[in-house]
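**Q** The structure that follows is given in the form of structure tokens.
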Amino acid sequence: MKNASKKYNITTFGCQMNKADSERMAGVLEKMGFEASEDPFSADLILYNTCTIRDNAEQKVYSYLGRQAKRKHQDPNLTLVVAGCVAQQEGEKLLRRVPELDLVMGPQHANRLEDLLTQVFDGNQVVATEPIHIVEDITKPRRDSNISAWVNIIYGCNERCSYCVVPNVRGVEQSRTPEAIRAEMEALGKQGFKEITLLGQKIDAYCRELTGSTQEGRHKYTLTDLLHYVHDVPNIERIRFATSHPRYFTERLIKACKDLPKVCEHFHIPFQSGDNDILKAMKRGYTHQKYRRIIDTIREYMPDASVTADAIVGFPGETEEQFENTLKLVEDIGFDLINTAAYSPRPATPAALWENQLSEEVKSDRLQRLNRLVHISAKSRSARYLGREEEVLVEAQNTKDPNQVMGRTRTNRLTFFPGKIEQLKGKNVRVKINEFRSFSITGELVEVLD
Ligand code: SAH
Ligand code: SF4
Ligand code: F3S
């Protein structure tokens, strides 16, 4: 094989979608005969799978690329690939900025990596950013974990949140068929995976474009139906899903999570802001009252469920009072974790053009204030585990303490306890919790359940 002994290195930025894409692209490269390498400065093929959700994510890529471009001058056989969301956003422009690049490919083209590389090895510089119908995933991903796997169920996003680049870079919604998803899950179960996270930027839109949401007389197949359909896949013990959008979140979904034992009691539902006028300017399509009702309903059905979210501070025009409404929502709900960010103007998004941008000082001050509150809230949520026995799925060694292993509760709390990974990896165990911090808990092994 002509690529034997050639090494590749993939660096992944951004969200779980990118991580899942990277695993598929790694699978393609290995099928082509490449071997994985940890070192991005000695490998023969370098792939950056990029993110552009905020400006700092995008800038990071350019600094890495600069170094690789220099290397290419010494080693013309080096193959340089930029994939993912910056590739999609910048396209040809990236080649002008970094002429040393061999391949620029948007996220919709991830499954076409072999075909695109063949063109590169034939001597072409390739840009693949045109919108396409995503080819069904026939590659075997090289997964980073062998316990927990991601499975894409819907690509793209049809929303138009005024701050967000995702619809520009990920394209329109495209759902995979329930059969393809189930087949992938069955294969994972056979390989020994125990946990699956179903992925979509707006997972509630699953199947909408396949079954049509308005046609009369046609059953609307939804995420809830999918959960029922895949629930009995052998060997899979836990099923998760992300990301949910408050506008489309249904009671039926909550009920399915309660009724279906494998579906974990964890909900990731970004609220972005606690102020109705800001939510409107963001074009989110719900009010903070509606968000609160969703969480209340979740807690009626599953009082112990964990709730996590994303939030943005310093959106254009956000007043101190409007920011305080976000603090208030955070205080009232009691989140287990929130991914927080200062608003970052993004190319080709409406809000970036508005004149009422806030200063960096105001944004970073609000971010710090929100983060302080998130820590307090997370810590009090962690406290509830103290003295309890929790079911933990063991994933890996604790990177900071080789005498401990790491896993997660069903509610997704990071959990550590003393033990040997060789004996415990992939096991479902009961752990008695005796210590808690904001984002993790520690305990002692009580028993191995399987
Ligand atoms: N589809 C998900 C989020 C995808 S992007 C949803 O609808 O919630 C992940 C997170 O990045 C968002 O939830 C948001 O909090 C943050 N984000 C997106 N655009 C941003 C921007 N321009 N500035 C700062 N944060 C942003
Ligand atoms: Fe972006 Fe909004 Fe789509 Fe989420 S729902 S990916 S925030 S446009
Ligand atoms: Fe980033 Fe693209 Fe995900 S912009 S957050 S990698 S969809």
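The values are calculated or read from the model by the stated rules, or taken from the named source; none is laboratory data. Computed from a predicted model, the values in this text were never measured in an experiment. Heads up, the Cβs are rebuilt from the backbone with ideal geometry, glycines too, and the neighbour counts pull from every protein chain shown. Remember, those area values only see protein heavy atoms, side chains included, never the ligands or the DNA or RNA. Shrake-Rupley method; radii C 1.70, N 1.55, O 1.52, S 1.80 Å.
**Q** Looking at the range 148-162, which of its residues are more than 12 Å from ligand 3 (Cβ to nearest atom) and either open to solvent by 10 Å² or more (accessible area, probe 1.4 Å) or not in a loop (DSSP other than H, G, I, E, B) (or both)? First the steps, then the outcome.
**A** As a first pass, look at the range 148-162 and keep what is more than 12 Å from ligand 3 (Cβ to nearest atom): 148-151, 153-154, 158-162.
Listed by number, the residues that qualify are SER148, ALA149, TRP150, VAL151, ILE154, ASN158, GLU159, ARG160, CYS161.
**Q** I would also like to ask the following. Return yes or no: is THR243 surrounded by fewer than 22 Cβ atoms within 10 Å (Cβ to Cβ) and within 16 Å of ligand 2 (Cβ to nearest atom)?
**A** Values: surrounded by fewer than 22 Cβ atoms within 10 Å (Cβ to Cβ): yes; within 16 Å of ligand 2 (Cβ to nearest atom): yes.
When the stated conditions are applied, THR243 passes them.
**Q** Restricting to the range 250-287, what's the tally of residues that are in contact with a Ser or Thr (Cβ under 9 Å, 6 or more places away or on another chain), more than 10 Å from ligand 1 (Cβ to nearest atom), outside any strand (DSSP E or B) and closer than 15 Å to ASP310 by Cβ?
**A** Here the count works out to 3.
**Q** So, PRO76, is that one of a type outside the set (A, V, I, L, M, F, W, C) and surrounded by 12 or more Cβ atoms within 10 Å (Cβ to Cβ) or not? Break it down stepwise before answering.
**A** On the way: of a type outside the set (A, V, I, L, M, F, W, C): yes; surrounded by 12 or more Cβ atoms within 10 Å (Cβ to Cβ): no.
Here the answer is no, as PRO76 does not meet what is asked.
**Q** Looking at ASN412, is it part of a loop (DSSP other than H, G, I, E, B) and either away from ligand 1 (no atom under 13 Å from the Cβ) or at pLDDT below 95 (or both)?
**A** Numbers: part of a loop (DSSP other than H, G, I, E, B): yes; either away from ligand 1 (no atom under 13 Å from the Cβ) or at pLDDT below 95 (or both): yes.
Taking the combined requirement at face value, the residue satisfies it.
**Q** Being more than 16 Å from ligand 3 (Cβ to nearest atom), over 30 Å from SER148 (Cβ atoms) and open to solvent by 10 Å² or more (accessible area, probe 1.4 Å): is that true of THR326 here?
**A** No.
**Q** Can you tell me which residue in the range 250-285 is most open to solvent (accessible area, probe 1.4 Å), limited to those that are within 16 Å of ligand 2 (Cβ to nearest atom) and of a type in the set (A, V, I, L, M, F, W, C)?
**A** ALA281
**Q** Further question: Could you tell me which of the residues GLY66, GLY91 is over 20 Å from the mean Cα position of the chain (by Cα) and under 20 Å from GLY156 (Cβ atoms)? Working first, answer last.
**A** Working: GLY66 fails: under 20 Å from GLY156 (Cβ atoms).
Residue meeting the stated conditions: GLY91.
**Q** Within the range 14-56, work out how many residues are in a loop (DSSP other than H, G, I, E, B) and polar (S, T, N, Q). Explain how you work it out, then say what you get.
**A** Of the residues in the range 14-56, the ones in a loop (DSSP other than H, G, I, E, B) are 14-15, 32-34, 37-44, 51-54.
Still in the running and polar (S, T, N, Q): 37, 42, 52.
Looking only at that region, the number is 3.
**Q** Within 14 Å of ligand 2 (Cβ to nearest atom), touching a strand residue (DSSP E or B) at 6+ places or on another chain (Cβ under 9 Å), modelled with pLDDT of 95 or more and not in a loop (DSSP other than H, G, I, E, B) - does that describe any residue in the range 294-308? Spell out the reasoning first.
**A** Filtering the range 294-308 for residues within 14 Å of ligand 2 (Cβ to nearest atom) gives none.
No, the conditions are met nowhere in the range 294-308.
**Q** Being within 23 Å of the chain's Cα centre (by Cα) and within 16 Å of ligand 3 (Cβ to nearest atom) is the filter; apply it to the range 347-383 and report the residue that is surrounded by the fewest Cβ atoms within 10 Å (Cβ to Cβ).
**A** ALA348
**Q** Still on this structure, I have one more. Can you name every residue in the range 87-135 that is within 16 Å of ligand 2 (Cβ to nearest atom) and farther than 24 Å from THR177 by Cα?
**A** Result: GLN88, GLN89.
**Q** Quick one: in the range 48-73, which of the residues that are within 16 Å of ligand 1 (Cβ to nearest atom) and touching a helix residue (DSSP H, G or I) at 6+ places or on another chain (Cβ under 9 Å) is most open to solvent (accessible area, probe 1.4 Å)?
**A** Across the range 48-73, the extreme among qualifying residues is ILE53.
**Q** Same structure, new question: Among the residues that make up the range 304-323, is at least one of them crowded, with 16+ Cβ neighbours inside 10 Å, among the acidic types (Asp, Glu) and within 16 Å of ligand 1 (Cβ to nearest atom)? Steps first, answer last, please.
**A** Pass one, the range 304-323, residues crowded, with 16+ Cβ neighbours inside 10 Å: 305-309, 311-316, 318, 322-323.
When the remaining residues are screened for being among the acidic types (Asp, Glu), the result is 318.
Going one step further and asking which of them are within 16 Å of ligand 1 (Cβ to nearest atom), we end up with 318.
Yes, some residue in the range 304-323 is crowded, with 16+ Cβ neighbours inside 10 Å, among the acidic types (Asp, Glu) and within 16 Å of ligand 1 (Cβ to nearest atom).
**Q** Could I ask something else about it? For the range 172-196, give me each residue that is surrounded by fewer than 21 Cβ atoms within 10 Å (Cβ to Cβ) and within 16 Å of ligand 3 (Cβ to nearest atom).
**A** VAL172, GLN174
**Q** Look at ARG430 and say whether it is surrounded by 14 or more Cβ atoms within 10 Å (Cβ to Cβ), closer than 28 Å to ARG372 by Cβ and at pLDDT 95 or above.
**A** On the way: surrounded by 14 or more Cβ atoms within 10 Å (Cβ to Cβ): yes; closer than 28 Å to ARG372 by Cβ: no; at pLDDT 95 or above: yes.
No, not satisfied.
**Q** Another question about this same structure. Conditions: (1) in contact with a Gly (Cβ under 9 Å, 6 or more places away or on another chain); (2) open to solvent by 50 Å² or more (accessible area, probe 1.4 Å); (3) in a strand (DSSP E or B). GLU391 meets all but one. Number of the miss?
**A** The failed condition is (1).
**Q** What number goes with the only condition from (1) within 26 Å of the chain's Cα centre (by Cα); (2) away from ligand 1 (no atom under 16 Å from the Cβ); (3) not in a loop (DSSP other than H, G, I, E, B) that LYS328 does not pass?
**A** That leaves (1) as the condition not met.
**Q** Being free of Cβ contacts under 8 Å to residues at least 60 places away in the same chain and not in a loop (DSSP other than H, G, I, E, B): is that true of ARG240 here? Even if it seems obvious, please write down each step before you answer.
**A** Working: free of Cβ contacts under 8 Å to residues at least 60 places away in the same chain: no; not in a loop (DSSP other than H, G, I, E, B): yes.
No: the conditions fail for ARG240.
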